[in-house]
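Just so it is clear, none of the values below were taken in a lab; they were calculated from the coordinates. Not measured: the values here are computed from a predicted model. Virtual Cβ from ideal backbone geometry, glycine too; neighbours counted across all protein chains shown.
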Amino acid sequence: MDHNVIRLLLEQCHASQTSIGIVSQYLSMPDYSDTGQGIVAGGSVSPYIGALYLTPLDKVMEQYQDRYGIRYQRFMDDFVIFAPSRHKLKAVIKKVHAILADLKVNLHPKKRFIGTTIRLRQGSIQSSPYVCRR
């Protein structure tokens, strides 16, 4: 996670300068080499920062739910997208990649699944023919 992106997101949600200062101090704790990236794993503030970091994705996916008829669900840094067609899923995935690039993160190539819900193991959800899971 890029520290400048986190500060920008805090400013966009109108966080106080005191809050931004506290988060900046928290971000500097694991960053001994001054890389400007990363957060403390398991830290008390980390889940809030993680939730804040992906709010741009959440906002766009909320709009796309109506526009493309998709279903988007996220828990922490994992998300699933169901789409009624492969064409609509491709359009949504293209936007996901663009948003994540803006946030300076990307999808891990081995931790994603794109295909029909029939191909999902255990407890597959049959409500949509195509799915993208991270």
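Would you mind checking the tilt of helix 55-68 against the longest principal axis of the Cα atoms of the chain, expressed as 0 to 90 degrees and rounded to 10? Taking Cα atoms only, the helix is inclined about 20 degrees.
Just to verify a number: FRET efficiency for S33 and I93, C-beta to C-beta distance, R0 = 41 Å, to 0.05? For S33 and I93, the calculated efficiency is 0.75.
Taking the C-alpha atoms only, the angle from helix 3-12 to the longest principal axis of the chain is near 80 degrees. With a Förster radius of 25 Å applied to the C-beta separation of H14 and A101, the computed FRET efficiency comes to 0.50.
When the helices of the chain are scored as -39500 (n - 2.57) per DSSP H run of n ≥ 4 and the total is divided over every residue, the value at 222 nm lands at -14000 deg cm²/dmol. Read through the labelled values [x] 0.98; [y] 1.93; [z] 1.03 and report the label of the one computed as Rg/Rh (Cα atoms, Kirkwood Rh) from the structure. Step by step, Rg/Rh (Cα atoms, Kirkwood Rh) for this structure corresponds to label [z]. For the chain, the longest principal axis of the alpha carbon atoms and the long axis of helix 86-102 meet at an angle near 10°. The count of lysine pairs in the chain whose Cα atoms are under 20 Å apart, excluding pairs fewer than 8 places apart on the same chain, comes to 13.
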